[in-house]
C-alpha cells in the first residue's frame, strides 16, 4: 500500500489556492492538483507492507500536540532550472518533527522538510522566464486556519490522478 501522513485543508484555504491555480494555469502545460486532493504532506512513507502500516498506526496514535495554526504564505517552485512542481508554502509545521521522530527507526527522516502544498505539476512551459516572473508577482492572501487533526492516508495511483483514502484520523489535543 502506498501511504503518506498529511493534513487536510479547510475550504477557505482551498478557495485561495484555486484563485492562484486559475491565475497560473494558462501559462503552463500540466495538471492542477484537484481541490479534493489539496493537502499538506507531513511525511511520505511510500509502498509499505501491512505490518509496517500497523506499526505506524500505533506509533502515530501516541503523538500528543495541541491544535495549531497554519498560514498560507508564498507561491513558488523547487527548481527554477527544471520547473516541475508549483507549490504554496505554509508557516512552520510543529507536527512534522513529531511525526518524523515517532517513525524514525522504520522510515527515513525528512532532512529537508519544507511545509508546502503542491498545487500543480508542470509538463511544459512555453516561456520559463515570464512564468518565473509571474510566480514572483503572484501574491497569496495569508489565509490562516487551525489544524485539529492529521491523517494516515493511502494514495492510489490512477490514470486521471491519485485517489487519496483516509486510513486513520488522529485528533490533536492539549
Does residue 109 satisfy the criteria of being surrounded by 12 or more Cβ atoms within 10 Å (Cβ to Cβ), under 22 Å from residue 172 (Cβ atoms) and at pLDDT 95 or above?
no
So, in region 1-10, exactly how many residues are touching a helix residue (DSSP H, G or I) at 6+ places or on another chain (Cβ under 9 Å) and either surrounded by fewer than 18 Cβ atoms within 10 Å (Cβ to Cβ) or part of a strand (DSSP E or B) (or both)?
4
Scan region 15-30 residue by residue and report those that are part of a helix (DSSP H, G or I) and within 14 Å of residue 120 (Cβ to Cβ).
17, 18, 19, 20, 21, 22, 23, 24, 25, 26, 27
Index of the failed condition, residue 57 passing every other in (1) crowded, with 16+ Cβ neighbours inside 10 Å; (2) in contact with a strand residue (DSSP E or B) (Cβ under 9 Å, 6 or more places away or on another chain)
(1)
Tally the residues that are farther than 17 Å from residue 145 by Cβ and surrounded by fewer than 13 Cβ atoms within 10 Å (Cβ to Cβ), restricting the search to region 62-77.
2
Pick from region 31-52, criterion touching a strand residue (DSSP E or B) at 6+ places or on another chain (Cβ under 7 Å) and not in a strand (DSSP E or B), ranking: surrounded by the fewest Cβ atoms within 10 Å (Cβ to Cβ):
37
Looking at region 67-95, I want the residues that are without any contact (Cβ under 8 Å) to a residue 24 or more places away in the chain and have a partner that is in a strand (DSSP E or B) and buried (at least 18 other Cβ atoms within 10 Å of the Cβ) with Cβ atoms under 8 Å, at least 6 apart or on another chain. Which pairs are those?
78/87
Looking at region 109-129, can you tell me whether even one residue there is outside any loop (DSSP other than H, G, I, E, B), touching a residue at least 12 places away in the same chain (Cβ under 8 Å) and within 20 Å of residue 48 (Cβ to Cβ)?
no
Selected residue (criterion: farthest from residue 23 (Cα to Cα)) from residues of region 142-174 that are outside any strand (DSSP E or B) and within 18 Å of the chain's Cα centre (by Cα):
148
Which pairs turn up if I take residues in region 8-20 that are in contact (Cβ under 8 Å) with a residue 24 or more places away in the chain and on the phi > 0 side of the Ramachandran plot and look for partners that are surrounded by fewer than 16 Cβ atoms within 10 Å (Cβ to Cβ) and in a loop (DSSP other than H, G, I, E, B) with beta carbon separation below 9 Å, at least 6 apart in sequence or on another chain?
none
If a residue has to be surrounded by fewer than 18 Cβ atoms within 10 Å (Cβ to Cβ) and part of a loop (DSSP other than H, G, I, E, B) to count, how many in region 85-106 make the cut?
5
The number of residues in region 143-174 that are exposed (fewer than 12 other Cβ atoms within 10 Å of the Cβ) and modelled with pLDDT under 95 is 6
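The values are calculated or read from the model by the stated rules, or taken from the named source; none is laboratory data. Keep in mind it's a predicted model, so treat the numbers as computed, not measured. Note that we place each Cβ from the backbone using ideal geometry, even for glycine, and neighbour counts take in every protein chain shown.
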